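Here's the structure we're looking at; comments come further down.
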Amino acid sequence: MDITAAMVKELRERTGAGMMECKRALVETGGDTEAAIEHLRKTGLAKADKKAGRVAAEGCIVCAADHEAGRAVLVEVNCETDFVAKDSSFAEFARAVGEAALSSSETEVDAILSSPSDDGGSLEDARVALIAKIGENIQVRRAAAVSGDGPLGTYVHGGRIGVAAALTGGSADLARDVAMHIAASNPAHVNPDQVPADELAKEREILTAQAKESGKPPEIIEKMVEGRLRKHLKEITLVGQPFIKDPDRTVGQLLDEAKAGVSAFVRLEVGEGIEKKDDDFAAEVMSQVRGA
């Protein structure tokens, strides 16, 4: 049976696969479009399995929020290259994952991916199909949610850093300002009371060892350590950091003036904690030239 351009076009529109892949699938199935769709899904799954071990440290952070309900979800969706991270199909998939996480109130990746997609399958089916279409490993790495009864601030910077912050008191504008500050300054905790005791003890131990090198008396060393510890706590806590829009005030002072507080926040950054392959492209090109 002759495979016409119209048949290939229809299959491309229904599956999103490449033109040559569609033509090969139609040839394999004798021009049966439905069988070709099934064939593409199967080969897409095989491609996904092959690509699953490849490092996916690029991608985007998406934020889905229901400000009236006071709930926001951040999701990190990864791919292998920055080029694919800017692809419209990848962005649409990431947006759908974020919306599914919000509507289902789920933060477990497997549960989110079991949610239905617009094409009638699951989001996991959509992920596999996108791998077949784009040709890169695509993973939904993690999701985190924040909720509260007060104003909710959300901010995504360049698609790579996302923040959601729940306030008690204050306003929506203040909540967004706080979210922007968290994106820029990356505090570890809201206030010193939230710093784990073991983390505090470890820092005190390090500061004590450093202070002892000065050769000063024990009572002076103790004061040095306490001063440095207070400085460290200001640096790692939200309320102690200088506000990015007005460094003469701390975020804590800003909140106090508004009679507000931060009950919780989450901050996700693309690729944090993933060991990236350090490609030396110049050496790779030279190696290929020499081989040729």
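The values are calculated or read from the model by the stated rules, or taken from the named source; none is laboratory data. Note that the structure is predicted; figures quoted are calculated from it, not measured. Glycine gets a Cβ as well: all are built from the backbone with ideal geometry, and neighbour counts include every protein chain shown. Just so you know, the surface numbers come from the protein's heavy atoms only, side chains and all, with ligands and any DNA or RNA stripped out. Shrake-Rupley method; radii C 1.70, N 1.55, O 1.52, S 1.80 Å.
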Practice problem: From Asp278, Asp256, grab the single residue that is out of contact with any Phe, Trp or Tyr (no Cβ under 8 Å at 6 or more places or on another chain), surrounded by fewer than 17 Cβ atoms within 10 Å (Cβ to Cβ) and either assigned to a strand (DSSP E or B) or modelled with pLDDT of 90 or more (or both). | Solution: Asp256
Quiz prompt | Hits in region 241-253 - residues which are open to solvent by 20 Å² or more (accessible area, probe 1.4 Å) and in contact (Cβ under 8 Å) with a residue 24 or more places away in the chain | solution = Ile244, Lys245
Quiz item: Do the conditions hold for Glu235, that is, is it part of a helix (DSSP H, G or I), open to solvent by 70 Å² or more (accessible area, probe 1.4 Å), under 28 Å from Thr154 (Cα atoms) and free of Cβ contacts under 8 Å to residues at least 24 places away in the same chain?
Solution: yes
Quiz item: Do we have Ala164 as exposed (fewer than 15 other Cβ atoms within 10 Å of the Cβ), small (Gly, Ala, Ser) and outside any loop (DSSP other than H, G, I, E, B) here?
Solution: no
Quiz item: Could we say that Gly159 is more than 22 Å from Leu255 (Cβ to Cβ) and in contact (Cβ under 8 Å) with a residue 40 or more places away in the chain here?
Solution: yes
Quiz item: Which residues, counting only those in region 203-233, are of a type in the set (D, E, K, R) and closer than 29 Å to Pro247 by Cα?
Solution: Glu203, Arg204, Lys223, Glu226, Arg228, Arg230, Lys231
Quiz prompt | Hey, Ser171 open to solvent by 30 Å² or more (accessible area, probe 1.4 Å) and under 21 Å from the mean Cα position of the chain (by Cα) or not | solution = no
Practice problem: Keeping to region 175-223, report how many residues are surrounded by 15 or more Cβ atoms within 10 Å (Cβ to Cβ) and more than 25 Å from Arg249 (Cα to Cα). | Solution: 6
Exercise. Kindly list the number of the only condition in (1) farther than 25 Å from Ala69 by Cβ; (2) modelled with pLDDT of 95 or more that fails for Ala126.
Key: (2)
Quiz item: So which pairs qualify, if the first residue must be in region 123-136 and closer than 14 Å to Ala85 by Cβ, the second must be part of a helix (DSSP H, G or I), the Cβ gap must be under 6 Å, and the two must be at least 6 apart or on different chains?
Solution: Leu130/Phe93; Ile134/Val84; Glu136/Val84
Practice problem: Scan region 72-90 and report the pairs whose first residue is in contact (Cβ under 8 Å) with a residue 60 or more places away in the chain and whose second residue is in a strand (DSSP E or B) and of a type in the set (S, T, N, Q), with Cβ atoms within less than 6 Å and a gap of 6+ or a chain change. | Solution: Ala72/Thr154; Asn78/Gln139
